[in-house]
Amino acid sequence: MAKGYKKIKFYIAYTVVVAILAAISHYLLPSALISEKKNESEATSDTEEISPSPAVIAYLDTNGTDTSRRKRISSRNVWSYNECFSDSNFLQLEVAEAIGVEPMDSIGEVERNVQNHRLVSIEDTPYYIIDELTHSMPYLVPQAQHLLNTIGINFMDSLISKGYPPHLPIVTSVLRTGSDIQRLRRGNRNSVKNSAHQYGTTVDITYNRFQPLDRRQEITKYDENLKMILAEVLFDLKAQGKCYVKYERRQACFHLTAR
């Protein structure tokens, strides 16, 4: 009983932190997002104590953060991953060329763009996890960083509202230099030579792995409900004209580009 009570206290404290971070994020995200979130922010600012839903409390008492035994959910909006997220590489490349940096061949060029504030680091954030990157670097243009922050915040809000333990999405690929693409193509002939990842506008988010908020816990794998909730978040942002999204079955990720 004491263990369950500690878990409840942890998630109460976490929910308060998320509310504070979400409020702060309004000053960092685009003005459109600020206006969309304004009513929600004002509604929570007058609340002295924010508690997790009864579903969260009941679930934590019995199952911790294991969501695998939950009943599979469905979505009115996302009826098919392939059909709902079919934005082609050509479409994503077009917007990447318009709002991104020039393709780079070396780390030195990346560092110059960071110094000029055209690229920003995305490593240190409470909104998502950066996977171990083997063929890319953790940098994005500010517009794409804002989008990724929004995805992380909205995903967490959606999990809590549906009674799910908090998880973070995992980013598996970010900015690629010309040499990164060459190395990737040697091991994966299906990868495209002219990739939107070159422009700092594009990320891959896996749908097969999610990081529990308590990072000491094991990664949650192959959870269809977490995948669907993430898909709903991406579908909403896509519908708002914030991004293009491609469902990648071979790479087990959502490949998305900021708009």
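The values are calculated or read from the model by the stated rules, or taken from the named source; none is laboratory data. Just so it is clear, the model here is predicted, and its values are computed rather than measured. As a convention, Cβ positions derive from the backbone with ideal geometry for all residues, glycine included, and neighbour counts pool all protein chains shown. Ligands, DNA and RNA are excluded from the accessible area calculation, which covers all protein heavy atoms including side chains. Shrake-Rupley method; radii C 1.70, N 1.55, O 1.52, S 1.80 Å.
For VAL120, the stated conditions hold: it is of a type in the set (A, V, I, L, M, F, W, C) and without any contact (Cβ under 8 Å) to a residue 40 or more places away in the chain. Residues that are among the polar types (S, T, N, Q) and in a loop (DSSP other than H, G, I, E, B) were ranked within segment 125-148; the one that is surrounded by the most Cβ atoms within 10 Å (Cβ to Cβ) is SER136.
Listed by first and then second residue, the pairs linking a residue in segment 63-89 that is of a type outside the set (Phe, Trp, Tyr) and at pLDDT 80 or above to a residue that is open to solvent by less than 50 Å² (accessible area, probe 1.4 Å) and part of a strand (DSSP E or B), with Cβ atoms under 7 Å apart and 6 or more places separating them unless they lie on different chains, are ASN82/TYR247; ASP87/TYR244; ASP87/VAL245. Number of residues in segment 113-165 that are under 14 Å from the mean Cα position of the chain (by Cα), over 19 Å from LEU175 (Cα atoms) and not aliphatic (A, V, I, L, M): the value is 5.
Is at least one residue of segment 178-193 in contact with a strand residue (DSSP E or B) (Cβ under 8 Å, 6 or more places away or on another chain), within 23 Å of VAL95 (Cα to Cα) and either of a type in the set (Val, Ile, Thr) or modelled with pLDDT of 95 or more (or both)? No: zero hits. Filtered by the rule that a residue be small (Gly, Ala, Ser), open to solvent by less than 70 Å² (accessible area, probe 1.4 Å), closer than 19 Å to PHE254 by Cα and not in a helix (DSSP H, G or I), segment 72-102 gives SER75, SER80, SER86, SER88.
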